[in-house]
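Input: a single structure, listed below in structure tokens.
The values are calculated or read from the model by the stated rules, or taken from the named source; none is laboratory data. Since we're looking at a predicted model, the values are computed, not measured. Positions of Cβ are backbone-derived with ideal geometry, glycine not excepted, and every protein chain shown enters the neighbour counts. Side chains included, ligands, DNA and RNA excluded: accessible areas come from the protein's heavy atoms. Shrake-Rupley method; radii C 1.70, N 1.55, O 1.52, S 1.80 Å.
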Amino acid sequence: TIDSSGNLIFSNAGSGVFYRTGTWTPVIIPGTGAYNGLTTSGTYTRIGNTVHVTARILITASGNAGGNMNINNLPFNGYTPAGMRQMIPGRENAQNGYMIQVLINSGTKLGKMQFYDGANCTHTTNYEYIVTGTYQTNDA
């Protein structure tokens, strides 16, 4: 089946097993301030409860954004058993090549982006962040 957004969906009714692909639009939220310009895009593939996502975030005008960098609007809510956290890897692709991680919050479509040493990602014009990896969901 192809849904109204052009996403391909295979499902076995009642089994909970399905395959779905599509696009999504990452929403980047700074801890303080605001961006004057962002370009974002993303794709996903879901097989059962495993979601593989890719995202590209290009800061075209940093404005006065600062503090934490959060990525919102993931295609499905994250699911993490108590006491655990999921992580999706990535890198800053245009300026320094630093590795980043996105820590997925359970029960939400939100994750915190940070460098691997735990420092906040940089809110700088022309920085490009590429994220690709998998996470678990328990969405129906």
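How about segment 89-140: which strands (runs of 3 or more DSSP E) wholly inside it have at least 2 residues that are of a type outside the set (A, V, I, L, M)? Let's see the steps before the verdict.
On the way: elements: 99-104, 111-115, 128-136.
Hits in segment 89-140: 111-115, 128-136.
Okay, residues lined up against (1) hydroxyl-bearing (Ser, Thr, Tyr); (2) modelled with pLDDT under 95:
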{"residue": "VAL51", "(1), (2)": "no, no"}
{"residue": "ILE59", "(1), (2)": "no, no"}
{"residue": "SER62", "(1), (2)": "yes, no"}
{"residue": "ASN70", "(1), (2)": "no, no"}
{"residue": "ASN73", "(1), (2)": "no, no"}
{"residue": "GLY83", "(1), (2)": "no, yes"}
{"residue": "ILE88", "(1), (2)": "no, no"}
{"residue": "ASN96", "(1), (2)": "no, yes"}
{"residue": "VAL102", "(1), (2)": "no, no"}
Say whether the condition of being aliphatic (A, V, I, L, M), touching a Pro at 6+ places or on another chain (Cβ under 9 Å), farther than 21 Å from THR45 by Cβ and exposed (fewer than 14 other Cβ atoms within 10 Å of the Cβ) is met by at least one residue in segment 99-114.
yes
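Applying the selection to segment 48-60, what residues are open to solvent by 30 Å² or more (accessible area, probe 1.4 Å) and part of a strand (DSSP E or B)? Full working, then the answer.
Step one: of segment 48-60, the residues open to solvent by 30 Å² or more (accessible area, probe 1.4 Å) are 49-50, 52, 54, 56, 58, 60.
If the condition is that a residue be open to solvent by 30 Å² or more (accessible area, probe 1.4 Å) and part of a strand (DSSP E or B), then THR50, HIS52, THR54, ARG56, LEU58, THR60 are the ones that fit.
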So which residues in segment 61-85 are over 12 Å from ILE28 (Cβ atoms) and over 12 Å from the mean Cα position of the chain (by Cα)?
ALA61, ASN64, GLY66, GLY67, TYR79, THR80, PRO81, ALA82, GLY83, MET84, ARG85
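Return the total of residues in segment 72-117 being of a type in the set (A, V, I, L, M), out of contact with any Ser or Thr (no Cβ under 9 Å at 6 or more places or on another chain) and under 25 Å from ASN138 (Cβ atoms).
Going residue by residue through segment 72-117, those that are of a type in the set (A, V, I, L, M) are 74, 82, 84, 87-88, 94, 99-100, 102-104, 110, 113.
Narrowing the set further to residues that are out of contact with any Ser or Thr (no Cβ under 9 Å at 6 or more places or on another chain) leaves 87, 94, 99-100, 102-103, 110, 113.
The next check asks that each one be under 25 Å from ASN138 (Cβ atoms); those that pass are 87, 102-103, 110, 113.
Count: 5.
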